[in-house]
Structures are given as structure tokens and as C-alpha cells.
Amino acid sequence: MNLFWNTVNLGIAGFAIYNNLQVDPLAIASEDALSEARKIEKILLINSGLDLGYIGVGFLLKNLSSKYDKRKELLTGYGNSLILQGSFLLVFDLVLYGVLHAQRMDFMENISLSMGEQHFGVSWRYRF
């Protein structure tokens, strides 16, 4: 079961790497980058909810294994596999969310807006 999960993980990672190599990060406008960062953060939070679902189903299968003696080992194995996979993905998604959110907030701290009666200004501070 873990082999199949890791095959899925490899496929997802390969797809993500391929898509990231197709995009030139310097060609993306800052507004588009911020919008994309927000989308990714939302996706990671949704994925975290799904990961909790994986973990819950894993515990359910382990619980059901005590009721079905003929399939006890199978249900226990699948349950353990789902708990392990869901836990890893939950930690991964939450850590990645935290990193991306912190980077976006750091970027936003360097942007300032000014407004007067006859002007509107946007400035971006970059430290070398």
C-alpha cells in the first residue's frame, strides 16, 4: 500500500516540477505572484482538511479491524498506511503553508501606499 501511495506522491511531485520549470519567475508581475500565492495557500489549507480525512479513515479502518477477524491484518495495514500518509501530507501542507504565508507577509511589509489630495503613490522597499 505504501508503494502505491509513494507512486502517487512521485506523480504529483513530477507534475509540479514540470509545471514550475515551464514558468519564468522573472516574467510574472508582482500582482500575479501575490494572487498565485494566495491561491496556493488556499489549496494547501483545503489539502490539510483532506489530510485529516485520510487520517480519520485510517483510524476507522483500524477500529473496524477489531470487528472483522478475517480481514483484521488487511484493515490494520490499510489503516496504518492511511494514517502514515495523511500525517506526512498534513505536516507537509501546513509547513509549506506557513513558509509561503510568511514570505507573502514579508513581501507585503515592504509595500507602502500614500495618498494625498492630488496624488496616489505606491512604493516598494528592497533591502540589499
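The values are calculated or read from the model by the stated rules, or taken from the named source; none is laboratory data. Not measured: the values here are computed from a predicted model. Heads up, the Cβs are rebuilt from the backbone with ideal geometry, glycines too, and the neighbour counts pull from every protein chain shown.
Remarks
Matching residues to (1) modelled with pLDDT of 85 or more; (2) over 19 Å from LYS42 (Cβ atoms); (3) among the aromatic types (Phe, Trp, Tyr):
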| position | (1), (2), (3) |
| --- | --- |
| ASP69 | yes, yes, no |
| LEU74 | yes, yes, no |
| LEU94 | yes, no, no |
| PHE107 | no, no, yes |
| GLY121 | no, yes, no |
| ARG125 | no, yes, no |
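- Residues of region 44-96 classified as over 24 Å from the mean Cα position of the chain (by Cα), assigned to a helix (DSSP H, G or I) and loosely packed, with under 15 Cβ neighbours inside 10 Å, total: 8
- Hey, ASN6 modelled with pLDDT under 80, part of a helix (DSSP H, G or I), loosely packed, with under 10 Cβ neighbours inside 10 Å and among the polar types (S, T, N, Q) or not: no
- Pair list, Cβ under 7 Å, 6 or more apart: region 1-25 residue touching a residue at least 24 places away in the same chain (Cβ under 8 Å), other residue surrounded by 10 or more Cβ atoms within 10 Å (Cβ to Cβ): MET1/GLY77; MET1/TYR78; MET1/SER81; ASN2/SER81; TRP5/SER81; TRP5/GLN85
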